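A short worksheet on the structure shown next.
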Amino acid sequence: MGHVLALAMQKGGVGKTTTTLSLGFVLAERGRRVLLIDLDPQSNLTQGLGVDPSALDYSVYEVLLNPERGTAFATITTSSGVDLIPSSLDLAGAELELAGKVGRELLLRKALRETRTKYDYILLDPPPSLGLFSLNALAAADAVLVPMQMHAYALKAMPQLEQTIELVREIQPSLVIGGIVCTLADRRTNLSLQVEQQVREQYGDLVFTTVIPINVKLAEAPTVGIPIGSYAPHSAGALAYAALADELEARYG
Ligand code: ADP
Ligand code: MG
């Protein structure tokens, strides 16, 4: 049974998509069967894998509308070796359409029932809000990976996320926070180091040892649609995500 991990944080720009993409690529390169699911109408993950969201037959939208169909029909094997269920701009209107469905938080979980047996890792990339798509991601996941940007107030967003996880536990009792990733770190600055220290004091072993530095290659890679591990394999960003994958495999492998 594959591990379903949701990269959740209701703030944008903290590294959810970059982490999903970069980790997913490393794991696939190591021979793990990896499926990435883009639940954000902005389609950053889809585009980061070189897939044009306007030229798709199916997206995660059709999966959520027809969960009994499973996921294979909407899954693309990308040139990087990871499988992707892409997002499309349609998804922006889907939230309203899905809002009236019975069991609307459990659509993705239902759709993944068979799919879970076919992958080692399924990584979910929700949008930066705690709306229906994020609830679907949390309810489908075994564990939440929280990317936390090393900025002032980084910890301020945690109580709301923890409350939401608590709520989702009513329908998915075994949901846990699987780990916290310090992202966009600049260890030359006191602020970054102080925030990292605060996060480690508060969350202890939940925080991965690996820290993801600010690295220009990580910002460039999605603009060419190539994961960092292939675009700049020796960059600090690629090495950090490879180390994070080691830690993840030690926890879940
Ligand atoms: P989210 O999915 O949480 O909104 P992203 O992963 O899309 O965040 O990151 C936001 C922006 O920051 C993107 O343009 C991305 O390329 C860039 N970025 C993310 N992580 C890094 C990093 N470690 N170093 C440099 N740029 C990064
Ligand atoms: Mg994103």
Counting only residues in region 1-23 that are farther than 19 Å from A240 by Cα and assigned to a loop (DSSP other than H, G, I, E, B), the one most open to solvent (accessible area, probe 1.4 Å) is identified as M1
Being farther than 26 Å from S134 by Cα, of a type outside the set (D, E, K, R) and open to solvent by 80 Å² or more (accessible area, probe 1.4 Å) narrows Q163, Q194, Q202 down to just Q194
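It is to be established whether one or more residues within region 177-184 are part of a loop (DSSP other than H, G, I, E, B), out of contact with any helix residue (DSSP H, G or I) (no Cβ under 7 Å at 6 or more places or on another chain) and not small (G, A, S). Outline the logic, then answer.
Here is the first cut: in region 177-184, the ones part of a loop (DSSP other than H, G, I, E, B) are none.
Within region 177-184 (the criterion being part of a loop (DSSP other than H, G, I, E, B), out of contact with any helix residue (DSSP H, G or I) (no Cβ under 7 Å at 6 or more places or on another chain) and not small (G, A, S)), the answer is no, since none of the residues qualifies.
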The residue from A152, A140 that alone is closer than 18 Å to V14 by Cβ and away from ligand 1 (no atom under 16 Å from the Cβ) is A152
Selection from region 38-74 of residues closer than 17 Å to R116 by Cβ and within 12 Å of ligand 2 (Cβ to nearest atom) yields L39
Scanning region 23-37 for residues that are within 15 Å of K118 (Cβ to Cβ), among the aliphatic types (A, V, I, L, M) and touching a residue at least 60 places away in the same chain (Cβ under 8 Å) gives L27, V34, L35, L36, I37
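Can you work out which of the residues in region 24-57 that are among the polar types (S, T, N, Q) and out of contact with any strand residue (DSSP E or B) (no Cβ under 8 Å at 6 or more places or on another chain) is most open to solvent (accessible area, probe 1.4 Å)?
So in region 24-57, the residues among the polar types (S, T, N, Q) come out as 42-44, 46-47, 54.
Of the ones still in play, those that are also out of contact with any strand residue (DSSP E or B) (no Cβ under 8 Å at 6 or more places or on another chain) are 42-43, 47, 54.
On the way: Q42: 123, S43: 1, Q47: 86, S54: 100 Å².
Within region 24-57, the match that is most open to solvent (accessible area, probe 1.4 Å) is Q42.
The values are calculated or read from the model by the stated rules, or taken from the named source; none is laboratory data. Note that this is a predicted model, so its numbers are computed, not measured. We place every Cβ from the backbone using ideal geometry, glycine too, and count neighbours over all the protein chains shown. Just the protein is used for accessible areas: all its heavy atoms, side chains included, with ligands, DNA and RNA removed. Shrake-Rupley method; radii C 1.70, N 1.55, O 1.52, S 1.80 Å.
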